[in-house]
Amino acid sequence: MLSDKRPFDLKYYIRRRLGKVLVPFVIWSLFYAYFSGWTAHGFDGEHATEVLTQSLDKATYYHLGFFYYFIPLYFVIPFLQVFVRRYDDRALYALTALWLLTTCLFLFRIDGIWSGQMWLYSGLLPLGYILYQKVPLNRTSVSIFVLLGLIAFGATIYQVVHMSMEAGKYTFGRWLSYKTINTVAAASMVFMVCRYYGENLSAGADKVVSFISKHSLGIYILHPIFLWPMKEFGWYQGHPAW
């Protein structure tokens with residue numbers, strides 16, 4: 001979205017950009033608040049109402065949780081668009097480098113004003129812009145990001161295993177957070193690899209990828225419905241059908 005060169009139009013932005021995620025979020029939140037009241041023994045209206053009243057702070061179903069950090073970014077995007085247009089690349093790189101530093105600090109629990117959720121998530125926007133618009137798409141640059149991503153994966157696995165063994169139970173600290181440098185490095189690797197190979201896909205393969213892209217969010221949001229009977233009736237516990 002930072003690549004959009006058109007003059008900012010608030011009505012268009014709210015209707016076409018923000019509205020595309022805000023309306024589905026409200027609808028699905030209401031649905032899953034209602035759905036949460038159903039058990040194998042019937043409907044519990046009090047529980048459904050309680051889930052709904054807590055929805056401002058907690059997702060009505062955990063798979064809707066990404067909306068809570070995704071939607072606020074739409075209020076940051078217009079300011080970042082102005083920043084990208086008004087300042088040169090050096091300012092953009094400096095801002096992104098500062099943000100990357102704070103993801104390191106957050107990972108190692110060095111907290112401060114930089115630990116705010118909005119700041120740590122919003123940095124993904126200029127990073128994505130740089131990866132898409134500024135980083136050359138060649139074998140060398142992709143190889144560098146693959147190396148960084150693999151190092152991040154290795155460090156994450158080691159730390160989670162080490163911390164869990166020391167604690168005597170499964171624990172991961174902040175190593176599985178979306179707001180830390182290891183996750184940023186891994187996500188950047190995936191983005192660059194997909195971009196590198198995606199731009200050379202055949203027409204047939206491109207159609208398949210487009211189809212998956214179009215329907216993947218719907219599958220992600222809907223699949224808890226199909227998990228419900230497995231959990232309520234214990235089908236996952238050695239049931240022969242699974």
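For the reader, a short list of remarks on this structure follows.
- Single residue of segment 158-216 satisfying the filter (within 18 Å of LEU105 (Cα to Cα) and of a type in the set (D, E, K, R)) that is surrounded by the most Cβ atoms within 10 Å (Cβ to Cβ): LYS179
- Of all residues in segment 118-139, those satisfying the criterion of being among the hydrophobic types (A, V, I, L, M, F, W, C) and closer than 15 Å to ASP89 by Cβ are LEU127, ILE130, LEU131, VAL135.
- Flag for LYS5 being over 17 Å from ILE225 (Cα atoms), out of contact with any Leu (no Cβ under 8 Å at 6 or more places or on another chain) and assigned to a helix (DSSP H, G or I): no
- All of (1) part of a helix (DSSP H, G or I); (2) exposed (fewer than 14 other Cβ atoms within 10 Å of the Cβ) hold for ARG17 with one exception: (2).
- Residue within segment 39-50 that is touching a residue at least 40 places away in the same chain (Cβ under 8 Å) and among the polar types (S, T, N, Q) present: yes
- Scan of segment 136-167 for residues that are in a loop (DSSP other than H, G, I, E, B) and either modelled with pLDDT of 95 or more or polar (S, T, N, Q) (or both), ordered by number: ASN138
- Contact annotation: residue pairs with Cβ atoms under 8 Å, 6 or more positions apart or on different chains, pairing a residue in segment 1-30 that is more than 15 Å from PRO72 (Cα to Cα) with a partner that is part of a helix (DSSP H, G or I) and among the small types (Gly, Ala, Ser), are LEU2/GLY128.
- Segment 187-206, residues that are in a helix (DSSP H, G or I), more than 16 Å from LEU125 (Cα to Cα) and either in contact with a Phe, Trp or Tyr (Cβ under 7 Å, 6 or more places away or on another chain) or not hydrophobic (A, V, I, L, M, F, W, C) (or both): ARG195, TYR196, TYR197, GLY198, GLY204, ASP206
- Pairs where the first residue, in segment 211-235, is within 13 Å of THR39 (Cα to Cα) and the second is modelled with pLDDT of 75 or more and part of a loop (DSSP other than H, G, I, E, B), C-beta under 8 Å, 6+ apart: GLU232/ALA40; PHE233/ALA40
The values are calculated or read from the model by the stated rules, or taken from the named source; none is laboratory data. Since we're looking at a predicted model, the values are computed, not measured. Note: ideal-geometry Cβ built from the backbone for every residue, glycine included; neighbour counts use all protein chains shown.
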